[in-house]
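No value in this document is a laboratory result; all are computed from the given coordinates. It should be emphasised that the depicted structure is a prediction, and the values quoted were computed from it without experimental measurement. With ideal geometry, Cβ positions are generated from the backbone for all residues, glycine too; neighbour counts draw on all protein chains shown.
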């Protein structure tokens, strides 16, 4: 991808995140949310409740390095749309990744862990992302360093469970019934959560909306 300006220092106070307290467990759900929809809201609410999190962050990214960003709506517009869907008082909508000047999840999560060593962060994603997780930059590092909660999405469960990433991480899966222990138990790195399914799709919504 094109060279950009160097990321700010991971210790820089210029990067503004939601407020956290030592000892909290925080779910981080990243995405372009272009646009956000009911399926995203279900994933967020499921993770917040089932994992017994203190907070759930909607991390609105500047762009996805694995997707074309030609039809990407302005960041402020996507932030506002996410805020309308994130109705729980324990949900926060943030775009601090833009200040890091990196589109890569591995760098973002490394920043959070270094800045807040007393906080447990859990990466939250839909099963559609798990199916292609092996294409992400440093995906093995992400899986090694941060617990991952995968929430079911329609039509993706079996493709996700047969993916290269799941094959590599099969022995580190936490049973769904024990999901509140994610991030508290050594040796397990991820879990899959069943939930109500929504067929809403950002791709379909953009097609309905038409060219910007």
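Values computed for the structure shown
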quantity: Overall form of the stretch 50-167 per C-alpha gyration tensor (a/c, 1.5; a/b vs b/c); calculated: rounded
quantity: Gain on full stretching of the segment that runs from residue 49 to residue 79 - 0.36 nm per residue minus C-alpha separation; calculated: 8.5 nm
quantity: Extension reserve of the residue 19-residue 134 stretch, reckoned as 0.36 nm per residue once the Cα distance is removed; calculated: 38.3 nm
quantity: Distance from the stretch 136-177 to the stretch 70-125 (C-alpha centre basis), Å; calculated: 20
quantity: Projected area, mean over directions - the stretch 16-58, Cα convex hull, nm²; calculated: 3.4
quantity: Sorted by Cβ neighbour density within 10 Å, fewest at the top, the residues 97, 77; calculated: 77, 97
quantity: Ranked list, fewest to most other Cβ atoms within 10 Å of each Cβ, for 33, 158; calculated: 158, 33
quantity: Length released on extending from residue 194 to residue 162, taking residue separation times 0.36 nm less the Cα-Cα span; calculated: 9.9 nm
quantity: Where N is the number of residues in the stretch 111-179, Cα Rg divided by 2.2 N^0.38 Å; calculated: 1.14
